[in-house]
Each structure stands twice: as C-alpha cells, then as structure tokens.
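Reviewing the structure listed below.
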Amino acid sequence: MGKTLLDKIWDAHTVRIEDGGRCVLYIDRAYIHEVTSPVAFASLEKRGIEVARPAQITAMPDHNIPTVNQHLPITEPQSRTQVATLEANCRRHGIECFSLGNPNHGIVHIVGPQLGLTQPGMTIVCGDSHTSTHGALGAVAFGIGTTEVEMVLASQCIIQTKPKSMRITIDGKLGRGVEAKDLILYVISKLTAAGGTGYFIEYAGEAIRSLSMEGRMTVCNMSIECGARGGLIAPDQTTFDYLKGRPRAPKGEAWDRAVEQWKTLYSDPDARFDAELHFDAADIQPMITYGTNPGMGMEITGTIPADCDQKALEYMGFASGEKMLGKPVDYVFVGSCTNGRIEDLRRFTELVSGHRKADNVIAWIVPGSKEVEAMAHAEGLDKRLAEAGFELRQPGCSACLAMNADKIPAGKYAVSTSNRNFEGRQGPGARTMLSGIAVAAAAAVTGRITDPREIFKL
C-alpha cells in the first residue's frame with residue numbers, strides 16, 4: 001500500500017518507536033520566540049544541559065514588540081524583559097537571533113519561508129500553534145508546548161504520537177473576489193472548530209494548486225483552527241519557484257539534488273487516508289465570522305444561523321437570523337502570520353486605492369517582516385496607502401493577540417485578517433470578525449461590513 005505525504009516525512013524522521021507507539025521524531029528546524037522559550041532555556045540551565053544543535057534553531061522576537069518607533073527601547077517592562085531574555089539566551093547558546101533592527105526580523109512564520117530556512121520534507125516545530133504555516137511548502141510542521149521546546153533544544157528530537165491523516169480536496173476554480181483566506185474559513189465552517197482534532201490535513205485539488213505560495217501559507221496557517229495538528233500541501237513547481245534563490249535555500253548542484261528529492265514528496269495514488277473530504281470551489285464566497293471561534297463563519301451575504309452558540313452571539317452583540325452586511329466596524333487589522341505577506345499588502349493597497357478610509361475606522365496595516373516592509377516602501381505601497389488615509393506600520397504580531405500595545409478596546413468591533421476571534425483575543429472585551437483581505441478593505445473604506453465584490457466591482 002502506498003504512503004501519504006505525512007507518512008513519507010514522518011517515517012523518514014522517526015528515530016525509534018517507544019512502547020505504546022509514541023515516536024521519537026527528529027526535528028530539522030526549530031523556531032523560537034520570546035514568549036514560549038524563556039522557561040525552556042531556564043530549565044536547561046538548571047539541569048546543566050547545552051543546546052544540542054544550535055545551528056538548527058532560529059530565533060526572533062515577534063509577539064510582544066511594538067509596531068511603531070522600533071528604533072526606541074521597548075517601553076512595556078514585561079515585553080522588554082522577554083525580548084532581552086531571548087537575546088541573552090541565544091548569545092549564550094550560539095543561536096542565530098534576528099532581533100529588532102535586523103533586516104531579517106519579523107514574524108517567525110513569515111521569515112522562515114522567506115529566507116528559505118523552511119524547505120520541503122522537513123520536520124519543523126515552534127512553541128506557537130501557527131507553526132502549521134510551514135506545511136504549505138511540503139513540511140510536517142506543528143506547534144509544541146514549552147516542555148517540548150526544552151526537549152528539542154536539548155536533543156533535537158521530540159516524542160510524539162503520529163497523527164491520523166485527513167485529505168481535503170477542493171476542486172474547481174475560485175469565484176470572483178474569493179481568496180485563500182475565504183477558502184480556509186469556509187473549510188473550517190464546515191468542519192467546525194474541532195472537526196480536525198487528531199488529524200494532520202493534506203490539502204489537494206485544483207483550487208489549492210491554483211494558489212500562490214502566500215495563499216497556501218494562509219491555508220496551512222489556519223489548519224490548527226479546526227483542531228488539526230497541522231496542514232500541508234505537496235510541493236510542486238510553485239513551491240520550487242518560490243524557494244529558488246532564497247538566501248538559505250540550496251544553491252547550484254545542491255539545489256538540483258534538492259528539487260529531485262522534493263519531487264518525490266507526494267501522496268501515492270494508492271495511499272489511504274483516515275478521512276477524506278471534498279468541496280467544490282464554486283460554493284465558496286467571501287467569508288466573515290460572526291462568533292467567538294474561527295468555525296463560526298459564513299458567507300458575507302448570508303444570515304447568522306439559528307443553531308449557533310448563543311453565548312458567543314451575546315458576547316458579539318449579534319442575534320440569529322441577522323445579516324452581517326451593514327454592521328458597523330471600529331477597527332480594521334491587516335497583518336499577522338496569516339495575512340502579513342507582501343501579496344496581502346499589495347492586494348489591500350490595490351483595492352483601497354481611489355477610495356478613502358472611513359472616518360469612523362482606525363486601521364492598522366502591519367507587514368509581517370522587515371523584508372515585506374522594505375518591499376512595500378520600494379513599490380510605493382506606503383505612499384498609495386497614505387493617499388487613501390492609511391498608515392503602514394512596522395513588523396510584528398501586532399493586534400493578532402494583544403501582547404503588545406496594539407489592542408482593540410472593550411466592546412469595539414474589529415475586522416481582522418488574523419487567525420483567531422476568541423473572546424478577548426485582540427484585547428479584553430474586543431469583538432473580532434475574521435476575514436480575508438478584500439472584506440477587510442471593504443470594511444475599512446465603508447466603515448461597515450460590506451461585500452467587496454460590490455464596492456470594488458470584483
């Protein structure tokens with residue numbers, strides 16, 4: 001019987017199988033940041049253990065950092081301490097750290113692929129659930145806890161139970177105004193926030209293959225939001241074209257050898273998955289969430305269902321049977337590891353050009369890395385945004401999780417291109433509606449939930 005893509009990568013990295021079937025899994029690359037690594041390093045120090053393979057660890061602060069005035073010291077004491085601690089730990093153990101001011105600084109899940117550190121066939125971990133992003137390049141990538149971060153630092157291995165496999169196939173072509181973010185919000189709305197629990201999801205089909213690498217990363221990034229362990233997409237020419245020439249990607253003959261190996265990374269025709277789901281791309285419309293988890297999503301022209309969580313609706317100030325169209329918006333956030341890439345900024349800029357930001361909306365447009373920021377300036381996106389009333393900020397996780405100064409005030413409504421709409425996720429009492437770039441752009445220029453196909457004539 002053939003193997004799934006998950007089987008091929010997982011089995012190739014299994015050092016041994018313990019009693020009970022748990023695997024000792026070798027990790028090719030670990031990413032770390034300032035929030036989940038300090039305790040792991042402290043435990044290593046206490047035990048007198050050195051980092052096993054520092055060359056395979058990459059660090060950068062991203063969660064706590066400000067997105068304005070990054071040339072100044074961080075003012076918030078806890079954030080400043082966490083960032084300083086990360087930098088000190090990396091110096092002590094010889095780990096490469098892209099700190100504030102470094103041209104390679106940014107959100108770890110954006111910088112890794114952009115540098116070519118993330119490559120097909122790898123196993124990748126980070127103390128962050130959205131490590132699943134890297135699966136877009138054909139890697140088995142997943143988030144881990146602090147104890148597991150320590151395990152990887154100490155041994156470059158981790159003990160894991162192999163997940164079940166699910167394949168989600170989306171055939172057909174995406175309709176007008178529909179983006180990768182809409183695709184994954186649609187899938188999660190069908191699976192619910194727990195429908196992928198216990199599985200690693202492989203995405204396949206014409207609609208997936210049509211996506212850019214940036215779009216594929218958006219899809220895999222949100223795999224965790226249906227409970228899945230991670231998501232991945234088999235590498236193809238789109239993957240190879242994206243990686244070629246990246247600073248840390250193989251070069252010359254090594255590149256040719258790597259590509260030949262990467263071409264073997266696909267699920268065999270006779271591979272068996274533990275679950276299979278099929279969707280038609282034609283059924284997917286621009287999406288918006290109405291509740292307090294990413295599974296509570298609907299097409300933007302629809303009505304809030306009758307059978308949804310009433311507690312969630314109470315928190316949001318919505319009611320079953322209502323339309324989302326026309327609801328007021330106070331904040332718009334474009335950014336995060338979900339939608340903070342240059343493709344996202346280009347699309348937002350293109351849509352809002354010729355329009356003006358609504359007076360009642362505060363908008364935060366946040367690139368995902370210094371490289372994305374530099375490209376935005378080089379292409380004049382910052383000037384075009386300014387003409388429409390928007391300000392391009394500096395890289396960081398920003399309002400995705402409110403660990404920095406970018407917080408949505410209590411009771412206010414935010415349309416966010418990030419990945420989670422939990423209660424208080426973007427600030428205590430904040431009310432978050434997740435969307436793609438086009439829906440966020442439409443909300444930003446109208447001050448309310450608006451169908452982007454209408455306002456932008458998509």
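The values are calculated or read from the model by the stated rules, or taken from the named source; none is laboratory data. On a predicted model such as this, the values are computed, not experimentally measured, just so you know. Note that each Cβ is placed from the backbone with ideal geometry, even for glycine, and that neighbours are counted across all protein chains shown.
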Residues G302, G326, G335: which one is outside the structural domain of S99 (by TED's automatic domain parsing) and over 18 Å from N421 (Cβ atoms)?
-> G326
Select from segment 120-140 the residues that are touching a Ser or Thr at 6+ places or on another chain (Cβ under 9 Å) and assigned to a loop (DSSP other than H, G, I, E, B) and write down the one among them that is surrounded by the fewest Cβ atoms within 10 Å (Cβ to Cβ).
-> G121
Does E225 satisfy the criteria of being under 18 Å from the mean Cα position of the chain (by Cα) and either among the aromatic types (F, W, Y) or in a strand (DSSP E or B) (or both)?
-> no
Counting only residues that are at positive phi and outside any helix (DSSP H, G or I), which one in segment 386-402 is surrounded by the most Cβ atoms within 10 Å (Cβ to Cβ)?
-> G396
Mind telling me which of the residues I168, I159, I201 ends up being closer than 20 Å to Q119 by Cα, in a strand (DSSP E or B) and either out of contact with any Asp or Glu (no Cβ under 8 Å at 6 or more places or on another chain) or not basic (K, R) (or both)?
-> I201
Would you check if there is a residue in segment 283-293 being more than 23 Å from the chain's Cα centre (by Cα) and in contact (Cβ under 8 Å) with a residue 60 or more places away in the chain?
-> yes
Hey, among the residues in segment 382-400 that are touching a Lys or Arg at 6+ places or on another chain (Cβ under 9 Å) and touching a residue at least 40 places away in the same chain (Cβ under 8 Å), which one's farthest from N419 (Cα to Cα)?
-> A388
Pairing a residue in segment 153-177 that is in contact (Cβ under 8 Å) with a residue 24 or more places away in the chain and among the β-branched types (V, I, T) with any residue that is part of a loop (DSSP other than H, G, I, E, B) and surrounded by fewer than 17 Cβ atoms within 10 Å (Cβ to Cβ), where Cβ atoms lie under 6 Å and the two sit 6 or more apart in sequence or on different chains, gives I159/R22; T161/R22
From the option list V83, V68, single residue qualifying as outside any helix (DSSP H, G or I), assigned by TED's automatic domain parsing to the domain that holds R29, out of contact with any helix residue (DSSP H, G or I) (no Cβ under 9 Å at 6 or more places or on another chain) and more than 30 Å from W255 (Cβ to Cβ) is V68
Going through segment 29-54 in order, the residues found to be among the basic types (K, R) and part of a helix (DSSP H, G or I) are K46, R47
Check off (1) outside any strand (DSSP E or B); (2) buried (at least 21 other Cβ atoms within 10 Å of the Cβ) for K383 and give me the number that stays unchecked.
-> (2)
If you go through segment 173-194 one residue at a time, do you hit one that is assigned to a strand (DSSP E or B) and of a type in the set (A, V, I, L, M)?
-> no
If you check every pair at least six apart or on different chains, which have Cβ atoms under 8 Å apart with a residue in segment 24-47 that is in the same structural domain as V108 (by TED's automatic domain parsing) first and a residue that is of a type in the set (F, W, Y) and not in a strand (DSSP E or B) second?
-> L25/W10
Counting only residues that are more than 11 Å from H33 (Cβ to Cβ) and touching a Ser or Thr at 6+ places or on another chain (Cβ under 9 Å), how many does segment 91-102 have?
-> 2
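Every residue, every condition in (1) crowded, with 22+ Cβ neighbours inside 10 Å; (2) outside any helix (DSSP H, G or I); (3) at positive phi; (4) of a type in the set (G, A, S), yes or no:
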| residue | (1), (2), (3), (4) |
| --- | --- |
| A376 | no, no, no, yes |
| N404 | no, yes, no, no |
| N419 | yes, yes, no, no |
| Q426 | yes, yes, no, no |
| A438 | yes, no, no, yes |
| A444 | yes, no, no, yes |
Considering each residue of segment 209-237, count those that are surrounded by fewer than 24 Cβ atoms within 10 Å (Cβ to Cβ), touching a Lys or Arg at 6+ places or on another chain (Cβ under 8 Å) and closer than 19 Å to V140 by Cβ, and give that number.
-> 1
Any residue in segment 72-86 that is of a type in the set (V, I, T) and touching a strand residue (DSSP E or B) at 6+ places or on another chain (Cβ under 8 Å)?
-> no
Count of segment 86-105 residues which are without any contact (Cβ under 8 Å) to a residue 60 or more places away in the chain, not in a helix (DSSP H, G or I) and not hydrophobic (A, V, I, L, M, F, W, C) = 4
For segment 313-346, name all the residues that are closer than 19 Å to K190 by Cα and in contact (Cβ under 8 Å) with a residue 40 or more places away in the chain.
-> M324
